[in-house]
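Every number here is computed from the coordinates shown, using simple stated rules; none is lab data. Bear in mind the structure is a predicted one, so any value in this text is a computation, not a measurement. Glycine gets a Cβ as well: all are built from the backbone with ideal geometry, and neighbour counts include every protein chain shown.
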Amino acid sequence: MTDRVRPLDVNPQPPRRGLMLATAAVVALGGFGLFLATGSLSPSTPTTTAEPPTPSTTTPPTVSAVPGDELRRLVPGFQGTVRGIGLTEDETAFGWSWSSGDSEPRFSALPDGAVGSWNGDGALIAAIGASSFGSSLYFGPPTNVREVFNDVESFAWHSTEPGTLALVTSPQSDGLRELWRSIPDDTTTRGTFNSSRVVRFDFDGFLAAYGDWGFALETVPPSGPRQLTTLNIDGDLVAQGPLAYVDDFGDGRLLVATLPDGGNPHLAVVGLDLEAAEPTGPDGVVGQAVLSPNKRWVASVTFPPEGTTLWLERVDGFDGEKITLGGDVVLPVGWSSDGRWILLKADSGQETGTRLIFFDTGSAAVHTVEAVDAVSGLSIHSTGVPGPATFFVPGS
């Protein structure tokens, strides 16, 4: 079905570089505050089969730099690209892409106020922005992002197919939302968009994940715990539970956040039935983490008195280490496909700009780079030398 697809010529205004260059610090992250503000997550208390690892406490040196030099010189050893969606103080939005050989990011025009992300291979952008229909999905390569679908509330890229996504509409005239998935073809990378409706549903939920296994939708009520709903690939209800989505293993298992009554938040692995939660990661982790590309390691952070701590642990809980990053609130946002680089985003209380933290899993070096642009939806792609065998995709 393509009756709702509306390819339109969209020529949004380019971002105002003068304003962006006048800003010079970092953007406040809402993920940690949102997680704590949504109340307790209280699934049945899981059990664990392993004691937490005894990690190293060595703090590696941090190198700070100011943009103006090539990114590969600011982050020694990095070869690749960091991508995201930028936003100025006056709500001008743009695709943001900084490659290791460039001395500053490149920009692609997006509609005002757009929020979204790039796909896995960096060929396409999808973002939800204002339109004459309220909010629409904008989609395409960075040089040709167009309005393609009306009345969209949320979307998620397919976890293993870079050019495919699913979306959820605003409530229709009868109050039901609709779940659609795209049908890519050979012309998708040039900006075409075809889609098919999967199911209509009657609850308030935004799309958190999409894969061959099905769909995960999350509800954040004004009070009480978040609710996670899983559907199979045909749109049939599988389960609902008081959990928060974190990441996707790609095989029907999900990494979720739980918060037992009166306890600290914790990461856990569950199936689509949302039962038999198996804990992973350290105690007191915030509700944001990223899986390694081989899905055997999880990177998460805690905020003990000595400062933000990055934890790298086996999902099965039998190995790990920790790295003290300092006083900033820092959250992991991406792990490069070669396994070497973990990208984190810092919040130092400033109103504008973005502080990027590059952690090299091979050398344990930490590199801090200040970007003058406020960027969200960040991802990292590396084309350089892989990291150690424990983190490298074909490795252990």
(request) Subtracting the Cα-Cα distance from 0.36 nm times the residue separation, let me have the gained length for residue 385 to residue 185 in nm, one decimal. (result) 68.8 nm
(message) Rounded to whole Å, give me the distance from the Cα center of the stretch 295-331 to that of the stretch 206-255.
(response) 24
(message) With only alpha-carbon pairs counted, each pair once and no self-pairs, how large is the Kirkwood hydrodynamic radius of the stretch 99-207 in angstroms?
(response) 14.5
(request) Please sort by residue number the GluC sites (Glu not before Pro) in the stretch 265-349 whose DSSP state is loop and whose Cβ has at most 12 other Cβ atoms within 10 Å. (result) 275, 306
(message) Suppose the chain between residue 144 and residue 363 were pulled fully straight at 0.36 nm per residue; how much longer would it get relative to their current alpha carbon spacing?
(response) 74.9 nm
(request) Grab every C-alpha pair in the stretch 195-308, bin the distances at 5 angstrom width from 0 up to the longest one, and report whole percents. (result) 2, 11, 22, 23, 19, 12, 7, 3, 1, 0, 0
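Order of 316, 247, 328 from fewest to most other C-beta atoms within 10 Å?
In increasing order of surrounding Cβ atoms, one gets 316, 328, 247.
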(request) With just the Cα atoms of the stretch 249-396, tell me how far they stretch along each of the three principal axes, in Å, largest first. (result) 44, 39, 26
(message) Based only on Cα atoms, what mean projected area does the convex hull of the stretch 164-243 have, in nm²?
(response) 6.1
